[in-house]
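Enquirer: Here it is, the structure in full.
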Amino acid sequence: MQVASGGSVNTQQALAEAEKICEANAAQLTELRRAVLRLILEAPGPLTAYQLLDQLKTIRKSAVPPTVYRALDFLMENRLVHKVEQLNAFIPCSDTQHDHQDVQFLICEKCGTVAEIEDHAISHALARAAARQGFQPHKAVVELDGTCAACAAAQ
Ligand SMILES: [Zn+2]
Ligand SMILES: [Zn+2]
């Protein structure tokens, strides 16, 4: 499954799902973590930590950068949000059923949406290619820039 981050996501449903995931992980979705997750879910596109901080300050005046970074760490650990490295920004996980061994991101240069895909063949190919060089990767970031299906259709 492949869902673009943004307005199409049902926030209430996603928050309820997040509660369940945290419960299963014996992790606590505090009010603050929930607020940060909600902001990411409701954003039309990826948000940077500073954009999140600005928005969070409207509901929680005392918020400082570490507040946001700690909440983001928690949300990433529980696979509720992902960081898009090249944008240094965060998107909601579009499919919490992914095993997340390897996810890849498709970044639309026109509308700014980021879609998450999980294709094991890509990571296996990367692992084999690295192994041929005797290289032991611990992390792979696969982010593609281009035009999403909706923008391509609109052209
Ligand atoms: Zn995900
Ligand atoms: Zn697009």
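Enquirer: Would you confirm whether or not the range 120-141 contains a residue that is away from ligand 1 (no atom under 16 Å from the Cβ) and closer than 19 Å to PRO44 by Cβ? Reasoning before the result, please.
Expert: The first filter runs over the range 120-141 and keeps only residues away from ligand 1 (no atom under 16 Å from the Cβ), leaving 121, 124-138.
Retained after the next criterion (residues that are closer than 19 Å to PRO44 by Cβ): none.
Checking the range 120-141: not a single residue is away from ligand 1 (no atom under 16 Å from the Cβ) and closer than 19 Å to PRO44 by Cβ.
Enquirer: Further question: When the residues of the range 62-78 are filtered to those that are surrounded by 18 or more Cβ atoms within 10 Å (Cβ to Cβ) and hydrophobic (A, V, I, L, M, F, W, C), which remaining residue is farthest from LYS110 (Cα to Cα)?
Expert: ALA63
Enquirer: Would you mind stating whether ALA129 is at pLDDT 95 or above and not in a strand (DSSP E or B)?
Expert: When the stated conditions are applied, ALA129 passes them.
Enquirer: Residues being away from ligand 2 (no atom under 16 Å from the Cβ), in contact with a Cys (Cβ under 9 Å, 6 or more places away or on another chain) and part of a strand (DSSP E or B): count how many of those fall in the range 66-108.
Expert: 2
Enquirer: Moving on to the next point. Which residues, counting only those in the range 12-48, are among the hydroxyl-bearing types (Ser, Thr, Tyr) and either open to solvent by 80 Å² or more (accessible area, probe 1.4 Å) or more than 23 Å from LEU87 (Cα to Cα) (or both)?
Expert: THR30
Enquirer: Could you tell me which of the residues ALA150, ALA89, ALA130, ALA121 is in contact (Cβ under 8 Å) with a residue 12 or more places away in the chain and out of contact with any strand residue (DSSP E or B) (no Cβ under 7 Å at 6 or more places or on another chain)? Steps first, please.
Expert: Working: ALA89 fails: out of contact with any strand residue (DSSP E or B) (no Cβ under 7 Å at 6 or more places or on another chain); ALA130 fails: in contact (Cβ under 8 Å) with a residue 12 or more places away in the chain; ALA121 fails: in contact (Cβ under 8 Å) with a residue 12 or more places away in the chain.
On inspection, the qualifying residue turns out to be ALA150.
Enquirer: What about ALA71, is it closer than 22 Å to VAL36 by Cα, of a type in the set (Gly, Ala, Ser) and in contact with a helix residue (DSSP H, G or I) (Cβ under 6 Å, 6 or more places away or on another chain)?
Expert: The answer is yes for ALA71.
Enquirer: Just to be sure, is ALA140 touching a helix residue (DSSP H, G or I) at 6+ places or on another chain (Cβ under 8 Å) and at pLDDT below 95?
Expert: On the way: touching a helix residue (DSSP H, G or I) at 6+ places or on another chain (Cβ under 8 Å): yes; at pLDDT below 95: yes.
Spelling it out, ALA140 is indeed touching a helix residue (DSSP H, G or I) at 6+ places or on another chain (Cβ under 8 Å) and at pLDDT below 95.
Enquirer: Here is a check on your reading of the model: is ILE59 among the hydrophobic types (A, V, I, L, M, F, W, C), surrounded by fewer than 13 Cβ atoms within 10 Å (Cβ to Cβ) and in contact (Cβ under 8 Å) with a residue 12 or more places away in the chain?
Expert: yes
Enquirer: Also, quick follow-up: So, in the range 109-154, exactly how many residues are within 16 Å of ligand 2 (Cβ to nearest atom) and open to solvent by 90 Å² or more (accessible area, probe 1.4 Å)?
Expert: The total comes to 2.
The values are calculated or read from the model by the stated rules, or taken from the named source; none is laboratory data. Remember, it's a predicted structure, so these values are computed and weren't measured experimentally. A quick note on method: Cβ atoms are made from the backbone with ideal geometry, for glycine too, and the neighbour counts reach across all protein chains shown. Accessible surface areas use protein heavy atoms only, side chains included; no ligands, DNA or RNA. Shrake-Rupley method; radii C 1.70, N 1.55, O 1.52, S 1.80 Å.
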